[in-house]
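Have a look at the structure below, then the notes.
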Amino acid sequence: MIRFPTTPAELKEAIAKLSATWLARASKRTEHFRQVGRYDEVSGIWSEIKEVYMGLQHNKCAYCERRLAGPPFGDVEHDVEHFRPKSSVAAWPTPMIAAKRGINYDFATGGAADPGYYLLAYSPFNYVTACKPCNSPLKANYFPIAGARKAAGEDPALQEDEQAFLIYPLGSFDADPEEVLTFDGIIPVPVEKTGTKARRAKVIVDFFELDNREELRRERSNVIVWLWIAHRLVSTGSLADQKIAQKSIRNLTSPASPHTNCARAFVRLIGENPVRAEALATEANDYLDSES
């Protein structure tokens, strides 16, 4: 995960540019939910503004950083995802998930809630776009928290007391994901060893199965191998090769590239411990060989 910068004004402006009436219609629907005390409609209108979030996220999944197709065909690959579930919230992990993933936390992750966050069903800062595996079945209607659930909240920026384990990556009111979660080669690891950030990173990895999904491991392996090759060319290649390699490193670590967090972590490692970086690049290359 990485942060995708935007402000409330910028986000609303982008939505209005795509659909001039969407914000007003969303406000009217929210008022209805407030009156009935729950999420209540036959069908939603959030798909109308999907392209806004696809653009903000550089056509990447907000959670796993896989690169998906852009417009017009990307509409099929991207799901608009409610960060805080609009309807009922289920407790996570379920016994089946805990058994499958070997989850046995020594801290609470919050209970179920019905109704869910019905006043956030049309909050612009409660949406991201996600790949289908991350959105369903992994995200589904789960939202683990360490504090007390505030399902009737109307502003995601004021929900800090819930102490959400998942990170909302758009804007700046939540933590920077790269200050919570980093990578050791292709494996996601907490930035800190203990404390709140460590628990948060652990839950995020378990929640989205970021450590064991083959497609993610394979794509990250490719990123690491290409970064290592580019690093070597910067050191030993011709002037022309060096320029290409430097540009490749910039591209691979840019927010628009897939698995930016992983790429940036590996580049830092090259600078800090090149021997370890070479070993991880070799492991990544061997992994790709085994998958071919």
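The numbers here are math on the coordinates, done by the rules we state, and not lab data. Just so it is clear, the model here is predicted, and its values are computed rather than measured. Reconstructed Cβ throughout: ideal geometry from the backbone, glycine too, with neighbour counts over all protein chains shown.
Multiplying the sequence separation of Ala90 and Ser172 by 0.36 nm and subtracting their Cα-Cα distance, what value in nm do you get?
On the way: separation 82, 0.36 × 82 = 29.52 nm, distance 2.69 nm.
Net length gain for the segment: 26.8 nm.
So how far apart, in nm, are the two label points at Arg232 and Asp286 if each is 7 Å from Cα heading toward Cβ?
In this crude label model, Arg232 to Asp286 measures out at 1.6 nm.
Just want to confirm a number: the relative contact order over the chain, from Cα pairs under 8 angstrom separated by 6+ residues, in percent.
So the answer I get is 19 percent.
Which order results if Lys17, Lys150 are arranged by neighbouring Cβ count within 10 Å, fewest first?
Lys17, Lys150
Could you line up Ser235, Ser257 from fewest to most neighbouring Cβ atoms inside 10 Å?
Ser235, Ser257
Each residue of segment 127-137 in turn: what ³J(HN,Hα) in whole Hz from Karplus with 6.51, -1.76, 1.60 and θ = phi - 60°, glycine and Pro shown as x?
10, 9, 9, 9, 5, 5, x, 5, 6, 8, x
Could you name the lysines in cross-link range of Lys247, using Cα to Cα under 29 Å and dropping any fewer than eight places away on the same chain?
Straight-line reach from Lys247, under 29 Å: Lys60.
Sort segment 63-211 into rounded, prolate or oblate with this rule: let a ≥ b ≥ c be the square roots of the eigenvalues of the Cα gyration tensor; rounded if a/c is under 1.5, and if a/c is not under 1.5, prolate when a/b is larger than b/c, oblate otherwise.
Cα axes put segment 63-211 in the rounded bin.
Between Asp114 and Ala20, what is the label-to-label distance in nm when each label sits 7 Å out along the Cα-to-Cβ direction?
So the label points at Asp114 and Ala20 sit 4.3 nm apart.
May I have the extent of the alpha carbons of segment 128-186 along their three principal axes, as whole Å values ordered from largest to smallest?
Cα spread of segment 128-186 along its principal axes, largest to smallest: 39, 27, 21 Å.
Which one of Asp241, Asp40, Asp106 has the biggest mean-square fluctuation once the chain is modelled by GNM with Cα springs under 10 Å?
Looking only at Asp241, Asp40, Asp106, the biggest GNM fluctuation is shown by Asp106.
Give, in nm to one decimal, the length gained when the segment between Asp75 and Thr7 is fully stretched (0.36 nm per residue of separation minus the Cα-Cα distance).
Here the segment from Asp75 to Thr7 would lengthen by 22.1 nm.
Sequence neighbours fewer than 8 away in the same chain don't count; with that in mind, list the aspartates and glutamates whose C-alpha is under 20 Å from Lys150.
Glu31, Asp40, Glu81, Asp114, Glu160, Asp161, Glu162, Asp174
Using a Gaussian network model on the chain with a 10 Å cutoff between Cα atoms, which of Gln159, Gln246, Gln35 fluctuates the most?
Of Gln159, Gln246, Gln35, the Gaussian network model singles out Gln35 as fluctuating most.
For helix 260-272, what angle does its Cα long axis make with the longest principal axis of the chain, in degrees from 0 to 90 and rounded to 10?
Compared with the principal axis, the helix lies near 40 degrees.
Restrict the search to segment 101-171; then list the GluC sites (Glu not before Pro) that DSSP places in a loop and that have at most 15 other Cβ atoms within 10 Å of their Cβ.
Here the sparse-neighbourhood loop sites are Glu154.
Can you give me the angle between helix 196-208 and the longest principal axis of the chain, using Cα atoms only, in degrees from 0 to 90, rounded to the nearest 10?
Roughly 90 degrees, rounded to the nearest 10.
Amide H of Val128: which non-local residues (sequence gap of 5 or more, or other chain) have their own amide H closer than 5 Å, using H built in the peptide plane?
Amide H to amide H, under 5 Å and 5 or more residues apart or across chains, Val128 pairs with Glu81, Phe83.
If R0 is 30 Å, what FRET efficiency do you get for Lys247 and Ile187 from their C-beta distance, rounded to 0.05? Spell out each step's value before the answer.
Values: r = 27 Å, r/R0 = 0.91.
Result of the calculation: an efficiency of 0.65.
Assuming 0.36 nm per residue, please report the length gained on full extension of the stretch Val42 to Ser136 beyond their Cα-Cα distance.
31.8 nm
So which lysines can Lys17 reach, going by Cα to Cα under 20 Å and dropping same-chain residues fewer than 8 places off?
Within the straight-line cut-off, Lys17 pairs with Lys28, Lys50.
Tell me which residues come under 5 Å, amide H to amide H, from Arg3 once H is placed; ignore anything under 5 positions away on its chain.
Under 5 Å from the amide H of Arg3 lie the amide H atoms of Glu178, each far enough along the sequence or on another chain.
In percent, how large is the relative contact order of segment 214-291, given Cα pairs closer than 8 Å and 6 or more residues apart?
It rounds to 39 percent for segment 214-291.
Given the chain reduced to its alpha-carbon atoms as identical point scatterers, what log10 I(q)/I(0) does the Debye formula return at q = 0.10 Å⁻¹?
-0.58
Expressed as an acute angle from 0 to 90° and rounded to the nearest 10, what is the orientation of the C-alpha long axis of helix 22-36 relative to the principal long axis of the chain?
50 degrees
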